[in-house]
Every structure is written in structure tokens, then in C-alpha cells.
1. Against the condition open to solvent by less than 80 Å² (accessible area, probe 1.4 Å) and part of a helix (DSSP H, G or I), how does T20 come out, does it pass?
2. What single numbered condition from (1) of a type in the set (G, A, S); (2) open to solvent by 50 Å² or more (accessible area, probe 1.4 Å); (3) closer than 26 Å to S11 by Cα; (4) over 12 Å from the mean Cα position of the chain (by Cα) fails to hold for S37?
3. Could you run through segment 1-52 and say how many residues are of a type in the set (D, E) and more than 19 Å from T70 (Cα to Cα)?
4. Looking at segment 23-34 only, could you name the residues that are without any contact (Cβ under 8 Å) to a residue 24 or more places away in the chain and surrounded by 14 or more Cβ atoms within 10 Å (Cβ to Cβ)?
5. Could you list, in sequence order, the residues of segment 23-49 that are part of a loop (DSSP other than H, G, I, E, B) and in contact with a strand residue (DSSP E or B) (Cβ under 7 Å, 6 or more places away or on another chain)?
6. When the residues of segment 50-76 are narrowed to those that are in a strand (DSSP E or B) and polar (S, T, N, Q), which ends up surrounded by the most Cβ atoms within 10 Å (Cβ to Cβ)?
7. Which count do you get for residues in segment 1-17 that are open to solvent by 70 Å² or more (accessible area, probe 1.4 Å), assigned to a loop (DSSP other than H, G, I, E, B) and either at pLDDT 90 or above or not aliphatic (A, V, I, L, M) (or both)?
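The values are calculated or read from the model by the stated rules, or taken from the named source; none is laboratory data. Computed from a predicted model, the values in this text were never measured in an experiment. Reconstructed Cβ throughout: ideal geometry from the backbone, glycine too, with neighbour counts over all protein chains shown. All accessible areas refer to the heavy atoms of the entire protein, side chains included, with ligands and DNA or RNA removed. Shrake-Rupley method; radii C 1.70, N 1.55, O 1.52, S 1.80 Å.
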Amino acid sequence: MAHWLAGGGLSPEQFRLGLTRLEDRKLKRFGFKISSSVSEDKLVHFTLRFAETDEFCSSMDVDSATGEMTTQHACV
């Protein structure tokens, strides 16, 4: 979804809100919750956690202009 929305002229904040809203309901069905923020260098940071335990699962930093992303995984 992040690649699809990237490069479309959205501000980092619009990108963050759009992607978080699109993914939130779907992730809740699978027992996860998503949070997001925009860094000073305009990267959008998403964090995925287990809803019941708040345990970290993964995170992703996305450049909303280019779609370039880096991920960090902790769950299997």
C-alpha cells in the first residue's frame, strides 16, 4: 500500500494519515495495531505491535515522495 500511495503529491502527514487509516481495520482483525509519526527529515515511521501485549512486531520508515522504505522485523 505504501508504494501505491507514494509519489502522489501527498505531504508526509497526509501520507501517514491515509496509510494508517487504510491499514488500521485490517490489522485489528489479525490482532495487530499500527501507529505512525513523521520525523524531522520528513520520513514517515510506522510501527506494528501485537494488540493484546503491545509487543513490538515490526517498523517501517517510508519516504512518501519516492516510496523508498526500510523495515525492521522482530516477530515471526
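1. Taking the combined requirement at face value, the residue satisfies it.
2. Single failed check for S37: (4).
3. So the answer is 2.
4. Of everything in segment 23-34, those that are without any contact (Cβ under 8 Å) to a residue 24 or more places away in the chain and surrounded by 14 or more Cβ atoms within 10 Å (Cβ to Cβ) turn out to be E23, D24, L27, K33, I34.
5. G31, S39
6. S59
7. Summing the residues that are open to solvent by 70 Å² or more (accessible area, probe 1.4 Å), assigned to a loop (DSSP other than H, G, I, E, B) and either at pLDDT 90 or above or not aliphatic (A, V, I, L, M) (or both) in segment 1-17 gives 1.
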